Amino acid sequence: MQRIDLRSDTVTLPSPGMREAMARAVVGDDVWNEDPTVAELEALAAEWTGQAAGLFVPSGSMANLIAQLVHAGRGDEVICGQDAHCMHDEVGAGAALAGVQYAWIPGDGRFTAAEVAERIRPRTFHTPGTALVWLENTHNRGGGTVFPPEEVVRIAALCRERGLPLHLDGARVFHAAAALGVPVRELTRHFDSLSFCLSKALGAPIGSVLCGSTAFRTAAHRFRKMLGGGMRQVGIVAAAGVYALRHNVERIVQDHVHARRLAAALAGAPGLTVDPAAVETNIVMLGVPGDAPGLVERLAARGVLAWAPDDRRIRFVTHLDVDAAAVDRAAAVVREVVAG
Ligand code: TLP
């Protein structure tokens, strides 16, 4: 049985070209700052995002935790969207390890400067103070939605005015750039810090890069060591990231075409809710009447892998290891399983 894995874009396998680049990588001990391939990746990431410096980290979750540790203190408040990954999908790390609490804005992950302004509060004898404003672009649980760029500019101006750092969880920010047809730095340069993942649709096996000012990098570097994220001859892995940034950025739009194709093939099926016009990037959220985990199991038995973020939704993510034929096959299986 052919297996079509649409659980996430994290499931991509390194291509032969990427593996070759990894095998050839010149390496050194990165904890001693001596790995030239890591330095190359960090410089490339800083250039792509319009920031001064980059720091290679093992995962998007560690990037998010480090950003919170750098910008916020224990008992501080982070303003973010209601369904932010840092709040729902990182085992409570922000609360457990950075000691922050979240002031969330209702909605699908997109919000306005006015909504941020309403939630900013000073640190007083009674209240936790706002320490950080947090955006996610594209928004995962929102269904791969793109944050409106003009609102980012307004939120950045507000944060500057109020002396608050602004961070971007840009795990999939390259998708936002591809959807808008702009260079990624146009979306990232407004932030004090940001991270993006190499291990998702960019096709690398491991890693994220945390970018910001040189002072931010210095602070983040210390926390990375504290969390056990100091890696040694890790250029062998960073080489995959360099390869990904050089070869796998332009092809990302294909994933969006495949996601819309999947949504269009599922639209109108009895019992399913999906609006192909609402699919902006590589994530398709399919509404089901209930027991989404049960349906996911039945799909897996037929070789189509997906994920249920809650009881009424199934998420499909397209990526570089699925083509149009796989998407069509997956849609046919979903329709059959739902009908049966
Ligand atoms: N998201 C994963 C799961 O954790 C849900 C996925 O399959 O989508 N920020 C965002 C917006 C993310 O979507 C993810 C991963 C992360 C951070 C964390 O990245 P990793 O998995 O590298 O720790």
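Quick notes on this one:
- Out of ALA43, ALA63, sole residue that is buried (at least 17 other Cβ atoms within 10 Å of the Cβ), small (Gly, Ala, Ser) and under 26 Å from THR214 (Cβ atoms): ALA63
- Checked against the criteria, CYS86 does not count as assigned to a strand (DSSP E or B), crowded, with 22+ Cβ neighbours inside 10 Å and either not small (Gly, Ala, Ser) or not assigned by TED's automatic domain parsing to the domain that holds ALA179 (or both).
- Within the stretch 285-340, the set of residues being more than 16 Å from the ligand (Cβ to nearest atom), free of Cβ contacts under 8 Å to residues at least 40 places away in the same chain, among the basic types (Lys, Arg) and outside any loop (DSSP other than H, G, I, E, B) comprises ARG298 only.
- Some residue of the stretch 40-47 being more than 15 Å from the ligand (Cβ to nearest atom), touching a residue at least 40 places away in the same chain (Cβ under 8 Å), closer than 27 Å to GLU90 by Cβ and not in a helix (DSSP H, G or I): no
Results for (1) of a type in the set (Phe, Trp, Tyr); (2) closer than 17 Å to ASP310 by Cα; (3) touching a Cys at 6+ places or on another chain (Cβ under 8 Å), shown as yes or no for each residue.
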position	(1), (2), (3)
SER61	no, no, no
ASN64	no, no, yes
LEU69	no, no, no
ALA84	no, yes, no
GLY94	no, no, yes
GLN101	no, no, no
TRP104	yes, no, yes
THR112	no, no, no
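- In the stretch 100-126, residue nearest to ARG162 (Cα to Cα) [restricted to those that are small (Gly, Ala, Ser) and surrounded by 13 or more Cβ atoms within 10 Å (Cβ to Cβ)]: ALA117
The values are calculated or read from the model by the stated rules, or taken from the named source; none is laboratory data. Keep in mind it's a predicted model, so treat the numbers as computed, not measured. As a convention, Cβ positions derive from the backbone with ideal geometry for all residues, glycine included, and neighbour counts pool all protein chains shown.
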